[in-house]
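Structure first, then comments.
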Amino acid sequence: MRNSNLVKSFGAITSLVSFVAMIVVSATAMAAAPEPWQIGLQPPAGSIAEKANDLHNLLLVIITAISVFVLLLLVYTCFRFRASKNKVASKTTHNPLIEVLWTVIPVIILVVIAVPSFRLLYYQDRTDLADMVIKVTGAQWYWSYEYPDEQIAFDSYMIDEADLTEGQQRLLEVDYPMVVPEGTRIKLLVEGVDVMHSFFVPSLAVQKYTVVGRTNETWIDVPMGEATYYGQCNQICGTNHSYMPIVIKAVSAENYKTWLEVAKEEFATGPITPSEVELASVE
């Protein structure tokens, strides 16, 4: 009887450990995607996302401190200057010390916020140190990716819910993701062909609007480790606005070379010569 109880207890513990391990593994696999009932930002990936996450945490501390201080001040004011204790209203109209404090303290707070904000802003603007370039074009309602140096280009459409396989995310999976090598700094040229779209990947802290007739620049640094990063167009761009997912798949250098060989056979564009451009314009 005792042995039977021990076996049952051991089985229960084993099941519990397996369940916890499954949750941990699932959380790791979903680290670059939104999770049900998620609170806070997605885990940052890359230096930009880490700096943005640090700034967010700093602002959260500052705004919480301000909110608590104002709340306590209001409570103190309501208690200290209640009508039952102050039968005669005060005739005070100015208090130089308080006026100086409520002017200087907000300025100091704004300076504290401005320093890391501008540091991050200028850091995001450094697009001249990229290892590779990818052109992103937003259209109704899909994304197009072009690798100029490799002379390949392809469209990326969302996979219908009926065609999803086990483990794939609803409204987030695409037929052809943007494939990049891990540990790479990538410059993105973002354009639009119809209306405004937004290239937004939260875990990489990248968001850039596509504007017709204009090429916007940004960059991302994909950290080491194979992973899949999910995003969506968050610009209200029309009827199928919610069906423009973004998938960036980071793979090892060896797997990227293998993918590139296949992609060059399937998505090759070839160089565009001036004669071809002139001929296209005449037609």
* Structure fact -> Exactly one of 118, 79 is of a type in the set (Phe, Trp, Tyr), loosely packed, with under 10 Cβ neighbours inside 10 Å and outside the structural domain of residue 168 (by TED's automatic domain parsing), and that one is 79
* Asked: Can you name the number of the only condition in (1) closer than 18 Å to residue 140 by Cβ; (2) touching an Asp or Glu at 6+ places or on another chain (Cβ under 9 Å) that residue 227 fails?
  -> (1)
* Single residue of 106, 177, 148 found to be surrounded by 10 or more Cβ atoms within 10 Å (Cβ to Cβ) and not assigned by TED's automatic domain parsing to the domain that holds residue 260 -> 106
* To do: May I ask you to say which residue of 41, 97, 129, 58 is surrounded by 10 or more Cβ atoms within 10 Å (Cβ to Cβ), over 25 Å from residue 174 (Cβ atoms) and hydrophobic (A, V, I, L, M, F, W, C)?
  => 58
* Which residue, of 59, 55, is touching a Pro at 6+ places or on another chain (Cβ under 6 Å), in contact (Cβ under 8 Å) with a residue 40 or more places away in the chain and assigned to a helix (DSSP H, G or I)? -> 55
* **Index of the failed condition, residue 187 passing every other in (1) without any contact (Cβ under 8 Å) to a residue 60 or more places away in the chain; (2) farther than 22 Å from residue 56 by Cα** => (1)
* Residues 206, 211: which one is under 30 Å from residue 258 (Cβ atoms) and in contact with a strand residue (DSSP E or B) (Cβ under 9 Å, 6 or more places away or on another chain)? -> 206
* Which members of region 155-170 meet the condition of being touching a strand residue (DSSP E or B) at 6+ places or on another chain (Cβ under 6 Å) and touching a residue at least 24 places away in the same chain (Cβ under 8 Å)? -> 156, 158
* Asked: What are the residues in region 83-135 that are of a type in the set (Gly, Ala, Ser) and part of a strand (DSSP E or B), if any?
  -> none
* Structure fact -> Per the filter on region 224-240, residues at pLDDT 90 or above, within 14 Å of the chain's Cα centre (by Cα) and not hydrophobic (A, V, I, L, M, F, W, C) are 228, 229, 230, 231, 232
* **Some residue of region 200-210 being surrounded by fewer than 21 Cβ atoms within 10 Å (Cβ to Cβ) and part of a loop (DSSP other than H, G, I, E, B)** => no
* Asked: In region 142-157, what count of residues is obtained for those that are in a strand (DSSP E or B) and on the phi > 0 side of the Ramachandran plot?
  -> 0
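The values are calculated or read from the model by the stated rules, or taken from the named source; none is laboratory data. Given the structure is predicted, the values throughout are model-derived calculations rather than measurements. Reconstructed Cβ throughout: ideal geometry from the backbone, glycine too, with neighbour counts over all protein chains shown.
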